[in-house]
Amino acid sequence: MYRLFVLATAVALSVSSASPVSAQTPNEPGPIVSTAWLQQHLDDPRVHVISTGDEKIFDRGHIPGARFVEHMETLEGGHHLLTPDTLASLLARAGAADGVHVVLYGDSPMTTGWVYMALASVGHADDVSWLDGDINLWRSEQRPVDTKATPAASGHLSVKPAPDIVVDRSWVRGHLQASEIRVLDVRSKREWDDGHLPGATLVLWQNLFADQKTLKFKSIDEIRGLFTSAGVQPKQQIVTYCAVGMRASLMYWAARAAGLPARVYLGSYQDWQQDSTDPIVR
């Protein structure tokens, strides 16, 4: 998607302007985009903005053109996502669509990570960027906000073949001892001390950010180094879990942003405790 975005921009500019296009061609959107980049692309029909988190905060002022999606609406009960077709329809109404690049933001990195995970589960992980600093940085820089509701989108979001991104208790149980798997616990130290999965490594989600106040991310190289420090070896697949899947989804995004293969144990520790025969380390 990233290459197509740049190519389409170059073609559009070459046929619509007689002026040189080199200075006008936008930078390729990676897994993280800046507030400046997004403001430059607010009127780009190929860029749609989706917000999540607290809808009351969204209603008080959001990025112009953004649509809101409630992350809990992606579930059909328990720890199960909606069916792929139903989930794609929900995300399409919020602005995700074939041929569109989505920029995600919210007032909580956990809900933003969750919606990213949902998009990835229907095959659109590479069509999404995260707004660095989210809405708080956007506001602090006095960038434009709007209170008008954006109508539901009418585009179509195809369900693409995707690897098994979301795993369940049975899958995790069967892979705990697998050398090609690295299980990461994304909870607090206190939660970890109260009990964790055998062989898991504790990774604090706060370490993804260079600035805890604005929630600006560290560089991709630094994020990759975080996983290396957690013992992730080349070609190992990461499996993230937390309490209920929220922080795990954020860390899943981080792994994908760093170019690492990853999955999410969506039920996480809450689900793991449901079976008394599953081992817990204390």
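We did not get these values from a lab; they are worked out from the coordinates using the rules stated. Everything numeric here is computed off the predicted structure, so don't read it as measured data. Because the Cβ atoms are built from the backbone with ideal geometry, glycine has one as well, and the counts that use them run over all protein chains shown.
As I understand it, the value is the acute angle between the Cα axis of helix 220-229 and the longest principal axis of the Cα atoms of the chain; what does it come to in degrees, rounded to 10?
0 degrees
Take a quick pass over the chain and tell me how many lysine pairs come in under 22 angstrom between Cα atoms, counting only ones 8 or more apart or on separate chains.
4
Please label the shape of region 215-257 as rounded, prolate or oblate, based on the square roots a ≥ b ≥ c of the eigenvalues of the alpha-carbon gyration tensor (a/c under 1.5 means rounded; beyond that, a/b larger than b/c means prolate, else oblate).
It comes out oblate by the Cα gyration axes.
How many percent of DSSP beta bridges within region 13-140 run antiparallel, rounded to 5?
Counting DSSP beta bridges with both partners in region 13-140, the antiparallel share is about 5 percent.
How many nm separate the modelled label positions at Glu76 and Arg60, each set 7 Å beyond the Cα in the direction of the Cβ?
Inter-label distance under the simple model: 3.6 nm.
For Ala152 and Gln270, compute 0.36 nm times the residue count separating them, minus their Cα-Cα distance, and round to one decimal in nm.
Result: 39.1 nm gained on full extension.
Below 8 Å between Cα atoms, with a sequence gap of 6+, how large is the relative contact order for region 13-140 in percent?
Across region 13-140, relative contact order equals 32 percent.
With only Lys, Arg, Asp and Glu charged, each at its Cβ (+1 for the first two, -1 for the last two), find how big the charge dipole of the chain is about the Cα centre; round to the nearest 20 debye.
Dipole magnitude for the chain comes out near 420 debye.
Under the 0.36 nm per residue contour assumption, what length would be gained going from the current alpha-carbon distance of Leu202 and Ser170 to full extension?
That pair, Leu202 and Ser170, stretches by 9.4 nm at full extension.
Output the relative contact order of the chain, whole-number percent, from Cα pairs under 8 angstrom with separation of 6+ residues.
Relative contact order of the chain: 18 percent.
Please work out the FRET efficiency for the pair Thr214 and Thr277, using the Cβ-Cβ distance as r and a Förster radius of 30 Å; give the result to the nearest 0.05.
Calculated transfer efficiency: 0.10.
What is the antiparallel percent of DSSP beta bridges lying wholly in the chain, to the nearest 5?
About 15 percent, rounded to the nearest 5.
Of the residues Arg247, Arg263, Arg60, which exhibits the maximal mean-square fluctuation in a Gaussian network model of the chain defined by a 10 Å Cα contact cut-off?
Arg60
Roughly what % of DSSP beta bridges within region 166-272 run antiparallel, to the nearest 5?
DSSP beta bridges in region 166-272 are roughly 15 percent antiparallel.
Relative to the first principal axis of the alpha-carbon coordinates of the chain, what is the inclination of helix 109-121, with its axis defined by its Cα atoms, in degrees from 0 to 90 and to the nearest 10?
Roughly 90 degrees between the two axes.
Fewest to most neighbouring Cβ within 10 Å: what's the order for Trp171, Trp37?
Arranged by neighbour count, lowest to highest, Trp171, Trp37 become Trp171, Trp37.
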